[in-house]
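The values are calculated or read from the model by the stated rules, or taken from the named source; none is laboratory data. Since this is a predicted model, take the numbers as computed values, not measurements. All Cβ positions, even for glycine, are placed from backbone atoms using ideal geometry, and neighbour counts span all protein chains on display. Only protein heavy atoms, including side chains, enter the accessible area calculation; ligands, DNA and RNA are left aside. Shrake-Rupley method; radii C 1.70, N 1.55, O 1.52, S 1.80 Å.
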Amino acid sequence: MSVEASPQMPRVETGRKRRGVLSALAVLAGLVVGIGLAEGLTRLLLPAFDPSGRFEFTYPVGSLLLGKPGTEARQIKNTGDYDVAVRINSHGLRDANDVATAGSDDILVVGDSFTWGWGVEAQDRFSDQLQILTGRRTFNLSTPTDIDGYAALLAYARSLGSRAGRIVIAICMENDLYLYGGAQPNEPPPGGGALKDWLANHSALYLLAVTTIQQTPWLREIAVQADLIVPNLEGIAKNDYDPAIIDSSADRLRDIAERYRTLVVLIPSRALWVGTPRSRAIEERVHTAFVVALQRRGIDVLDLQPVLEAQLAPLAYHFANDGHWNVRGHALAAHAISQHLAR
C-alpha cells in the first residue's frame, strides 16, 4: 500500500528554508552592527587609531603620487617603531623649503621612501641634516617611486621654477634596479596587499587589532606561525644578477646625470647582511657590479655599504620592524654625503 505525500510538506520545507535565510541575515546584520559599533567606539575612545589622521600618497602629478597639498597627518607603525608628524607643502612635497625657489647654490635631494623620511621626523632626514652640515639650502624632492620617477620629480621641480645646481639621487638597492623601458613593476608606497592597505586606511578597529597583535609577543608569534605576519628580515626583496638590469638602471641614471650635476648615493640592500651565504653573495655581486657600471659611465657615486659596515652593525641603522633607516641611519648618511660633497 503506497502512502501519498501530504500537500503540506512542500510548504513546511519552504518555511524552514525561509527561517534559515532570515536567521542567517539576522546574524549577519548583528555582526555588521556589532563591528560598526566597535569601530565607532574605537575612534571615539582611542582616537590615536583613527585612520583619518594617518598619511597617504593621494595627490597625482603626472605618473607620480605625492602627498595632498596642505596635509598635516601622522605616520604610525603598528609595531611601535615610529609615530611621526607629516606636513605636506603646496607642491605635494614633505619639505619646509619651497623647491620653486631653488637656485644654483642649492642642493636638490631626490629619492624614494628612504629619502622622503619614512618613519622619522622631517628634521631628522639626511636631506635636512645635510643642509645643516653644508650650510647650503637643501630641498627634498621624494616620493615612493623608481629611477624613472626620479627623472619625473626633477622635471616637476624645474616646471615649478627650480634651478638647483647640485642633485643628489639616492638609489635603494632593494627595489630600484630592473629593466627600464619595458613593462614596469607596480611599486605602491610601502605597506602590503590591497585589502590590508584598505583596512589600514579606513578601519580604526583593524589598526587596534593589528597593533595589539604586533606588540603582544605571544600573539605575534601565533600570527607569524600562521603566516599572517611576515617577519621584517624575511620580507626583503632579493636581486638576481642580471647584467641587462644593471646596465638598464645605470643608463637611466646616466641620462639624468647628463642634464644635472649629479651625485648618486647607494642605499645598500639589507640582503647583503641577511640570508643564506649564496643569496648574500649574489647581492654583493649585484651591488659591486652596479657601482662599477655607474663609474664607467662617469657618474659620481657614493657607496654607503662600507660606511654602514664600518660601524660593524649595519642593521642597527634600520628600524627593528621596518626596512627604512632610523634617525641614526639618516645621521650617518648625511655625514658621509656632506664629506663627499666637500671634496
For the stretch 269-327, how many residues meet the condition of being among the polar types (S, T, N, Q), assigned to a helix (DSSP H, G or I) and touching a residue at least 40 places away in the same chain (Cβ under 8 Å)?
1
Return the total of residues in the stretch 100-122 being within 17 Å of V84 (Cβ to Cβ) and among the hydrophobic types (A, V, I, L, M, F, W, C).
5
Only one of these is farther than 20 Å from E174 by Cβ, open to solvent by 40 Å² or more (accessible area, probe 1.4 Å) and not in a helix (DSSP H, G or I): R254, R343. Name it.
R343
Against the condition over 27 Å from Y82 (Cβ atoms), at pLDDT 65 or above, out of contact with any Phe, Trp or Tyr (no Cβ under 7 Å at 6 or more places or on another chain) and not in a strand (DSSP E or B), how does D240 come out, does it pass?
yes
So is Q305 polar (S, T, N, Q), open to solvent by 40 Å² or more (accessible area, probe 1.4 Å) and either modelled with pLDDT of 95 or more or at negative phi (or both) or not?
no
Go over the candidates H330, H287 one by one and state the one that is open to solvent by less than 30 Å² (accessible area, probe 1.4 Å) and under 23 Å from I132 (Cα atoms).
H330
Say whether the condition of being of a type in the set (A, V, I, L, M, F, W, C) and touching a Cys at 6+ places or on another chain (Cβ under 8 Å) is met by at least one residue in the stretch 264-273.
yes
